[in-house]
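If you scroll down you'll find the structure; I have some questions about it.
The values are calculated or read from the model by the stated rules, or taken from the named source; none is laboratory data. Source: prediction; values computed, not measured. Ideal geometry is used to build each Cβ from the backbone, glycine not excepted, and the neighbour counts take in all protein chains shown.
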Amino acid sequence: MARGHQKAQSQEKNKQKQAAMKKSGHNANEQKKAAMKALTFQCPICRGMMPDPKTYKQHFENKHPKDEMPEELKEM
């Protein structure tokens, strides 16, 4: 096995990197939850998530032009 020593070094380096990320509090799940909190509007037709009403309205006008616009977008 030609790469045995390199493999062991790589695994040790990765182990140290993972420990450092865990120690710093970096968590992918927390980032995902925070991103989902920011997406507050959901399209009733395609279930796409949008962060603000302006983007939601643009999405609806571009992706669903034949469908009737929801009441919350008509008021804007």
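Could you run through the stretch 54-72 and say how many residues are touching a helix residue (DSSP H, G or I) at 6+ places or on another chain (Cβ under 7 Å) and within 27 Å of K32 (Cα to Cα)? Don't jump to the end; show me each part of the working.
Step one: of the stretch 54-72, the residues touching a helix residue (DSSP H, G or I) at 6+ places or on another chain (Cβ under 7 Å) are 56-57, 60, 69.
With within 27 Å of K32 (Cα to Cα) added as a condition, the list becomes 56-57, 60.
Matching residues across the stretch 54-72 total 3.
Right, next: What about A20, is it at pLDDT below 80 and not β-branched (V, I, T)?
Working: at pLDDT below 80: no; not β-branched (V, I, T): yes.
No, not satisfied.
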